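Here's the structure, in structure tokens; my notes come after.
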Amino acid sequence: MSTPETSRFVRLRVEVVLEVDDADAVTKSALRRIADEAEMPASERAHAESAVTEDTAEALAYLVDPFDLVSQVPGVELQQASWSSERIDYDPDSPDWDLDEDDGDDSDG
């Protein structure tokens with residue numbers, strides 16, 4: 001019988017705020033990655049190219065891969081990942097963006 005204390009599975013939550021100072025470079029990089037995916041169906045390729053061209057946040061979501069975050073960590077295997085991106089209003093001086101603030105979750109691990 002497995003209890004939460006002995007579970008082999010861990011949910012790691014990461015929030016990252018990025019400042020994009022060269023949207024064109026991000027878009028071009030995403031388009032290169034799409035072009036390099038030889039097995040991508042044409043309809044999916046057209047959709048992906050359109051999405052990353054129209055929205056830098058989509059281009060970033062296409063470039064950022066959760067597997068890259070854990071692929072070099074010994075003893076772990078990525079089981080499932082989901083991620084999204086969105087444009088936000090960011091004020092680093094706002095208390096809403098205090099990364100050290102306790103979110104009430106005592107399962108820091």
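The values are calculated or read from the model by the stated rules, or taken from the named source; none is laboratory data. Fair warning: this is a prediction, and the values are worked out from it, not measured in the lab. Backbone-built Cβ (ideal geometry, glycine too); neighbour counts: all protein chains shown. Note: accessible area is taken over every heavy atom of the protein model, side chains too, but ligands, DNA and RNA are not part of it. Shrake-Rupley method; radii C 1.70, N 1.55, O 1.52, S 1.80 Å.
Annotations for the structure displayed:
- Neighbour-limited loop hits for trypsin sites (Lys or Arg not before Pro), segment 32-95 (at most 15 other Cβ within 10 Å; DSSP other than H, G, I, E, B): R87
- Using C-alpha pairs under 8 Å with a sequence gap of at least 6, the mean separation divided by the residue count of the chain gives a relative contact order of 19 percent.
- Protein accessible area in segment 13-65, 1.4 Å probe - carbon and sulfur %: 48
- Angle of helix 42-54 to the longest C-alpha principal axis of the chain, folded into 0 to 90 degrees and rounded to 10: 80°.
- Full extension of the chain segment joining D96 with E49 gains 13.5 nm, where the gain is 0.36 nm per residue of separation less the Cα-Cα distance.
- Projected onto its three principal axes, the C-alpha set of the chain covers 47, 41, 22 Å, listed from the longest axis down.
- Across segment 1-64, the mean sequence separation of Cα contacts (distance under 8 Å, 6 or more residues apart), normalised by length, yields a relative contact order of 35 percent.
- Degrees between helix 23-36 axis and first principal axis of the chain (Cα, 0 to 90, nearest 10): 90
- Exposed-loop-free span, longest in the chain, where chymotrypsin sites (Phe, Trp or Tyr not before Pro) count as exposed if DSSP calls them loop and at most 15 other C-beta atoms lie within 10 Å: 10-82
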